[in-house]
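Read the structure below first, then the notes.
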Amino acid sequence: MQIAEEQDGHLDVMLGSEDATDLLAEELGQEVERIARAADRGHVDVIRELLQTPIAIDHVNRLGWTALLEVIILGDGGRRHAECVRLLLAAGANPNLANGQGVTPLAHARRRGQDEVIRLLEAAGAR
C-alpha cells in the first residue's frame, strides 16, 4: 500500500492492494475493525486518519481484543508498532483493559519483550 499526503492534509491511498481497500474503503460502522487491522500491521498514517473519525477506541472484538491489545499481540514492538500504541493511548485507549482471558496489555508487552511499548503503557498508568 502506498500512502501519500495530499495538500489538504488528508491521506491519499493508492488502490491496488488488498490492505488499502480493506483499511479505507469500508463504511464508517466498521472503523473499529479497521483501526485494529491498521494497528497490528503498524500502519501509523492510517491510524492517525482513522482516529479523526468517531470511533469506540476500546471496542472489544470477538477474540476479546481491543485495537491496543491487537497491536501488542500481533505487532513486533518495533518503532511503527510503538507509535501505534502511543497514538491509541493518546486517543484514550484504556491501558488496563484485559483480553478475554484476563491478560492486560502490559502483561502481553512484557511477555514479548516490547520495551518501548512497556514504557508507553506504564506512562499511561498501566498496571
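The values are calculated or read from the model by the stated rules, or taken from the named source; none is laboratory data. Since the structure is predicted, the reported quantities are computational estimates derived from the model, not experimental observations. Neighbour counts are summed over all protein chains in view; Cβ atoms, including those assigned to glycine, are modelled from backbone coordinates with ideal geometry.
So here's what we get for this one:
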| item | result |
| --- | --- |
| Residues (surrounded by 21 or more Cβ atoms within 10 Å (Cβ to Cβ) and farther than 11 Å from residue 112 by Cα) located in the stretch 70-86 | 70, 71, 81, 82, 84, 85 |
| Matching entry among 107, 98 (being assigned to a helix (DSSP H, G or I), at pLDDT 95 or above, within 17 Å of residue 127 (Cβ to Cβ) and out of contact with any Lys or Arg (no Cβ under 9 Å at 6 or more places or on another chain)) | 107 |
| Residue count for the stretch 35-70, restricted to those that are farther than 19 Å from residue 94 by Cβ, out of contact with any strand residue (DSSP E or B) (no Cβ under 6 Å at 6 or more places or on another chain) and outside any loop (DSSP other than H, G, I, E, B) | 4 |
| So residue 110, is it charged (D, E, K, R) and free of Cβ contacts under 8 Å to residues at least 12 places away in the same chain | yes |
